[in-house]
Amino acid sequence: TIAFGLPQVSQVSIIIYDILGKKVSEFVNEKMEPGYYFKTWNSRNDLGIPVAAGLYFYQIRAENFIKTRKLILLK
């Protein structure tokens, strides 16, 4: 689960990357109102195939904001 807050209306995207930097999934891509949100990744890639446990990175993009963080997927 990824938690984030928005101070204003923004187009938000959350993208998951593997350890090599390859895009695995874009599971949020929508316009959102200001507030706090919790989004849960279903641990599947864009094709719907479950991914392996391990280290991933997620990137949140909203208007003039980009943040990248580590994510450890345990199964």
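Computed from the coordinates by the stated procedures, all read-outs in this text should not be read as laboratory data. Only a predicted model underlies this, so the values are computations on that prediction, with no experimental measurement involved. Cβ atoms come from the backbone with ideal geometry, glycine included; neighbour counts cover every protein chain shown.
Scanning residues 5 or more positions from Val24 or on other chains, those with amide H under 5 Å from its amide H are Ile16, Tyr17, Asp18, with H placed 1.01 Å from N in the peptide plane. Computing FRET efficiency as 1/(1 + (r/R0)^6) for Asp46 and Val9, where r is the C-beta to C-beta distance and R0 is 22 Å, gives about 0.25.
Extension gain, Lys39-Lys22: 0.36 nm per intervening residue step, less the Cα-Cα distance, totals 4.0 nm. Modelled spin-label separation between Phe65 and Asn29, with each label point placed 7 Å from Cα along the Cα-to-Cβ direction: 2.1 nm.
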